Amino acid sequence: MKFIERAVKTNILKKLKPGKVVVLVGARRTGKTVLLKEITKNFTEPILMLNGEDYRTAELFRNKGIIEYKKLLGNKRFLIIDEAQKVEGIGRILKLMVDEIEDLKILVTGSSAFDLNNKLGEPLTGRKHTVKLYPVAQCEWGNYENLIETRSMLEHRMIYGNYPELIHLQDNSEIAEHLYELVGSYLLKDILELDNIKNSAKLLNILRLLAFQIGHTVSINEIAQNAGLSKNTVDHYLDLLEKVFIIFRLEGYSRNPRKEISKSPRYYFFDNGIRNALIANFNSLNLRNDQGALWENYMISERIKFHSYNNIYANYFFWRTYNQQEIDWIEEREGQLFAYEMKYNKNKIKVPSAWSKHYPNSEFQVIHLDNYLDFITSQHFNK
């Protein structure tokens with residue numbers, strides 16, 4: 001299997017219209033370049049496709065005006081720029097193009113959201129659509145697997161994750177080696193280049209500390225002390241790590257601040273394989289003591305992918321009281337609260353009394369092995 005049909009492809013094709021720039025962002029190695037090539041197969045019109053990491057691309061755009069850009073395009077009315085953040089002044093350039101060149105469709109990608117958004121945000125206000133690409137989601141796998149195959153792959157994906165390049169690897173030791181290489185060489189590349197950080201060791205140390213605290217509130221002061229950094233520096237690094245789609249932050253939900261914890265966040269990884277590579281543990285589930293953390297991280301990251309790809313908008317939180325009552329995942333959407341507890345094994349769990357008392361109109365559900373597919377996909381499986 002060489003290519004998994006990505007869920008965002010249809011959305012991108014719908015948004016590709018003259019006068020707008022479609023911006024595809026995501027972590028490195030999630031398949032953006034491959035997706036661009038697949039998208040071009042849907043068009044018979046001439047396409048100009050450039051790579052922002054090629055110095056010649058930067059030269060094509062440097063100190064040029066609209067006349068030069070029209071000559072560059074010729075008869076082409078579809079422009080694609082991979083890694084567009086590498087082109088100096090790309091926001092201004094694209095604004096000029098979409099404003100002055102009729103019938104021009106533009107698609108650009110970037111693995112560094114913080115840099116790409118800074119360069120595109122203000123110049124392209126009202127002129128862009130942003131689409132996020134994640135490691136392969138279960139809602140994408142559903143088109144290629146039957147139910148038995150999906151369930152048989154669950155443990156593998158909880159341990160090794162869903163980066164698309166893993167599809168072509170058969171041996172688990174080879175997969176683990178690839179993930180170690182990914183962590184060591186690619187994931188932090190944008191931060192190291194663009195924020196002038198000389199050593200990745202501090203960033204990796206912060207990520208390792210977070211990897212051991214999935215499902216728990218995180219003390220930034222404690223992380224700073226263990227990493228040998230100031231709190232402000234750790235805050236800055238965590239912000240960058242979120243913006244390159246390695247981790248995401250979850251705040252505590254609270255309408256009752258005297259009883260509910262809301263100041264200390266939780267952090268999760270967008271991919272379980274990256275998390276396990278950081279702690280150098282690819283043991284099977286029956287040999288691990290973090291089965292619950294892996295389940296929680298996998299369910300939550302897959303839920304985010306599912307919502308993103310299906311244009312479901314929600315605010316996300318966890319919930320915890322000072323007397324230790326807690327719920328893993330809270331969604332605020334459609335004017336209602338939905339509460340979910342993640343349990344790998346199907347156990348009878350009652351809704352916490354403090355939650356039901358303060359939020360009686362909310363819905364509560366335990367996500368376990370028997371019902372997890374309803375939580376992270378709505379697709380039908382091949383029989």
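The Cα center of the stretch 163-194 and the Cα center of the stretch 228-303 differ in position by 19 Å.
In terms of other Cβ atoms within 10 Å, I81, I206 run from fewest to most in the order I206, I81. Among A176, A227, A293, the residue with the largest mean-square fluctuation in a Gaussian network model of the chain, with springs joining Cα atoms closer than 10 Å, is A227. Compared with the dominant principal axis of the Cα atoms in the chain, helix 231-243 is inclined by about 60°. For the pair S264 and E122, the difference between a 0.36 nm per residue extended length and the Cα-Cα distance amounts to 47.9 nm.
Straight Cα distances below 17 angstrom link K64 to the aspartates and glutamates E88, D99, E100, with same-chain residues fewer than 8 positions distant left out. Counting neighbouring beta carbons within 10 Å and listing from fewest to most, the residues D82, D54 come out as D54, D82. With a ≥ b ≥ c the root eigenvalues of the C-alpha gyration tensor of the chain, is it rounded (a/c under 1.5), prolate (a/b larger than b/c) or oblate? It comes out prolate by the Cα gyration axes. In terms of surrounding Cβ atoms within a 10 Å radius of their Cβ, K17, K132 rank from fewest to most as K17, K132. For the chain, the mean residue ellipticity at 222 nm estimated from helices alone is -12000 deg cm²/dmol, where every DSSP H run of n ≥ 4 contributes -39500 (n - 2.57) and the total is divided by all residues, rounded to the nearest 500.
With kT/(6 pi eta Rh) evaluated at 37 °C and eta = 0.692 mPa s, and Rh the Kirkwood radius from Cα pairs, the stretch 180-284 diffuses with a coefficient of 226 µm²/s according to Stokes-Einstein. For the chain, the longest principal axis of the C-alpha atoms and the axis of helix 147-160 are separated by about 90°. For a test of the definition: using alpha carbon positions, the gyration tensor, and the 1.5 limit on a/c, classify the stretch 8-133 as rounded, prolate or oblate. Rounded, since a/c falls under 1.5. Seen against the Cα atoms of the chain and their longest principal axis, helix 201-211 is set at about 40 degrees. Build a GNM of the chain with springs between Cα atoms under 10 Å apart, and of K357, K86, K15 the one that fluctuates most is K357.
Values quoted throughout were computed directly from the atomic coordinates according to the rules given, and no laboratory measurement underlies them. As the structure is a prediction and not an experimental result, all values here were calculated from the model. Note: ideal-geometry Cβ built from the backbone for every residue, glycine included; neighbour counts use all protein chains shown.
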